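Enquirer: Quick one: the structure is below, and I'll ask about it shortly.
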Amino acid sequence: MKELKFCESSIKCDIDPKEKNFTPINYELLLETIADYDIVSFDVFDTLIFRPFTSPRVLFLMMEEKLSIYRFAQIRLESEDEICAENLEKYGNDTSTIEEIYERIGEKTNKSIKNAAELEFQLELKYCFANPVFTKIFEQCKRLGKKIIITSDIYFSLEQISHLLSKNGYSGFETVFVSSCFHKTKRKGDLFDVVRSRYPSSKIFHIGDQEFEYINS
């Protein structure tokens, strides 16, 4: 298989973090609710972390130029969809891992893709930024002595998500639950079953993008 060579990309972020409109939150009401729970779970993207793109496709177009692979952005999207459909049949959930996605891309392009998978994550690290709205809530949870966990439907590994969060100033969370590791999803609800089994006697409150959910009551 051919080794990949990178070139510079002319594609730019299409959202300026300084101009991002953040969802207004009733801090007092949310913190009052959290006070009754032992554990607070946070989602990652569009909650603790923002991408400066209107769509992940923008990042994939950056990669397309850097990798000089024709139609890479479309192939990346199609590969993820195919893996999710196959895993739905296999595991009952439309999950995927970054390794599965790039193995499929390698099959489609006949190129070595291990460097490309790392490039995608490095670009996420470079461009993603902390959501100041939920940074404030996250830090207040720590001051209140709440145990904090991360629960997210994402193809990145728990190590990658931990790195991304740490790089953006988030520390002190106990553990990370991601769909890629369990082939279960928050969306379907069975990833929350994994969380419940880990903390069977705890009251858990989940905070996500425009969603607040009582995992254990």
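The values are calculated or read from the model by the stated rules, or taken from the named source; none is laboratory data. Computed from a prediction, not measured in an experiment: that's the story for all the values here. Positions of Cβ are generated from backbone atoms using ideal geometry, with glycine treated the same way; all protein chains shown enter the neighbour counts.
Enquirer: Collect the residues in segment 149-181 that are surrounded by fewer than 19 Cβ atoms within 10 Å (Cβ to Cβ), in contact (Cβ under 8 Å) with a residue 24 or more places away in the chain and within 24 Å of SER202 (Cα to Cα), keeping them in residue-number order.
Expert: Within segment 149-181, GLY172, GLU174, THR175, CYS181 qualify.
Enquirer: Something else: Which residue is modelled with the highest pLDDT, if the candidates are limited to segment 48-104 and must be within 17 Å of the chain's Cα centre (by Cα) and among the basic types (Lys, Arg)?
Expert: Filtering first and then ranking leaves ARG76.
Enquirer: I need the full set of residues from segment 59-83 which are assigned to a helix (DSSP H, G or I) and surrounded by fewer than 19 Cβ atoms within 10 Å (Cβ to Cβ), in order please.
Expert: Result: GLU65, GLN74, ILE75, LEU77, GLU78, ASP81, GLU82.
Enquirer: Tell me whether segment 121-135 contains one or more residues that are under 22 Å from HIS183 (Cα atoms) and either of a type in the set (S, T, N, Q) or outside any helix (DSSP H, G or I) (or both).
Expert: For segment 121-135, residues under 22 Å from HIS183 (Cα atoms) and either of a type in the set (S, T, N, Q) or outside any helix (DSSP H, G or I) (or both): absent.
Enquirer: Out of ILE105, ILE98, which single residue is over 27 Å from TYR27 (Cα atoms), of a type in the set (Val, Ile, Thr), surrounded by 15 or more Cβ atoms within 10 Å (Cβ to Cβ) and without any contact (Cβ under 8 Å) to a residue 60 or more places away in the chain?
Expert: ILE105
Enquirer: Quick one: how many residues across segment 108-128 are buried (at least 18 other Cβ atoms within 10 Å of the Cβ), under 26 Å from PHE192 (Cα atoms) and of a type outside the set (Asp, Glu)?
Expert: 1
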